[in-house]
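Every number here is computed from the coordinates shown, using simple stated rules; none is lab data. Quick caveat: nothing in here was measured; it's all calculated off a predicted structure. When we count neighbours, we look across all protein chains shown, and the Cβ atoms used for this are built from the backbone with ideal geometry, even at glycine.
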Amino acid sequence: MYYGARGIVGLVKPTYRPGSMESFIKLMPEGVGFIPFHVGVRVGNEQEFQEALAIAEKKVAKLAELGVDVVMIMGAPPAMVRGHGADKEIADQLTKKYGVPVLTATMAQVDAFQALGIKKLVGITYFKDDLNVKFAKFLEDGGFKVAAMKGLDVPFKDAGKIPPEEIYSFAKKVFIDHGPVDGIYMLGAGWHNLPVIELLEKDLKTTVVSSIPAQVWATQKQLHLREPVQGYGRLLAEMP
């Protein structure tokens, strides 16, 4: 089956960091095509995130011109720092303006919480506490209870180098210290957390929502595809 036969996805990725784009493509069904663009976030601070969505709009315009079937604006922080509701508003505006469905990482993740019945959660990130407070507020304003939103202390540029076992231990500790909750939210697509999702779900008898699987699930839904993927947690295995 040729690439694009089952839909063409425009991806707008915040950073140039390798990892998340490759993971997204790997988890999508055969026969889907991809056109990637990057915003160029480097430092990972609030100012950069505030500016990122304006740059993303230019990329959406270009992707619409190229004839994609859906655009996924990857990366939750740029929408989260603007506060609850901003993501939906921006996606609706862009969809209307460019005539192509636009999804955001945050919308995908919030939909995933709802589909999996997660009302109270703990979050783990690789961001500093000033941003973690904003991320928690974004979710709480959307009706979720956030028992904790904790960041691993690591330079932003090195998030992709965090060993998966360190992510596993950190998630487990935050879950146990702040439970009981319905699930764990792993915020950010810059770290290599795919290998530990299923392990955490099994060991802690919980549900894990992570950035890339949530975006894959939402994109499949938008393209009317249903190809479950095993090994990366309930969301992709069950495709609720």
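List of remarks:
- Charge-dipole axis of the chain as Lys and Arg at +1 and Asp and Glu at -1 on Cβ define it, positive-most pick from 35, 184, 228: 35
- 24, 34, 127 arranged by Cβ crowding within 10 Å, fewest neighbours leading: 34, 24, 127
- Unsatisfied cross-links (Cα-Cα over 22 Å) in the set 145/173; 120/157; 137/202: 120/157; 137/202
- Counting beta carbons within 10 Å around each of 191, 217 and listing the fewest first gives the order 217, 191.
- Scanning residues 5 or more positions from residue 75 or on other chains, those with amide H under 5 Å from its amide H are 105, with H placed 1.01 Å from N in the peptide plane.
- Charge sum, other residues only, whose C-beta stays under 14 Å from residue 21's C-beta, Lys/Arg counted +1 and Asp/Glu -1: +3
- In the chain, helices alone account for a calculated mean residue ellipticity at 222 nm of -14000 deg cm²/dmol, with every DSSP H run of four or more residues adding -39,500 (n - 2.57).
- Put in order of Cβ neighbour count within 10 Å, fewest first, the listed residues 6, 226 become 226, 6.
- Nearest-20 debye value, segment 104-234 charge dipole, Cβ charges on Lys, Arg, Asp, Glu: 200
- Trypsin sites (Lys or Arg not before Pro) restricted to segment 35-82 and DSSP loop, no more than 13 other C-beta within 10 Å: 42
- For segment 1-137, convex hull of alpha carbons as volume per residue, Å³: 118
- When segment 166-240 is reduced to its Cα atoms, the Kirkwood hydrodynamic radius in Å: 12.8
- Spin-label model, residue 22 to residue 158: label points 7 Å out along the Cα-to-beta-carbon direction sit 2.0 nm apart.
- Among 77, 143, 108 the positive-end extreme of the charge dipole of the chain (Cβ point charges): 108
- Farthest toward positive dipole pole in the chain [+1 Lys/Arg, -1 Asp/Glu at C-beta], among 170, 121, 2: 2
- Measuring nothing but alpha carbons in segment 80-212 and taking Rh as the Kirkwood radius, the Rg to Rh ratio lands at 0.98.
- Once the Cβ-Cβ distance of residue 119 and residue 177 is raised to the sixth power relative to R0 = 22 Å, the FRET efficiency obtained is 0.70.
- Point-charge dipole on Cβ atoms (K/R +1, D/E -1) for the chain, about Cα centre, debye to 20: 160
- Taking only alpha carbon atoms, the chain gives an Rg to Rh ratio of 0.94, where Rh is the Kirkwood radius.
- Overall form of segment 35-110 per C-alpha gyration tensor (a/c, 1.5; a/b vs b/c): oblate
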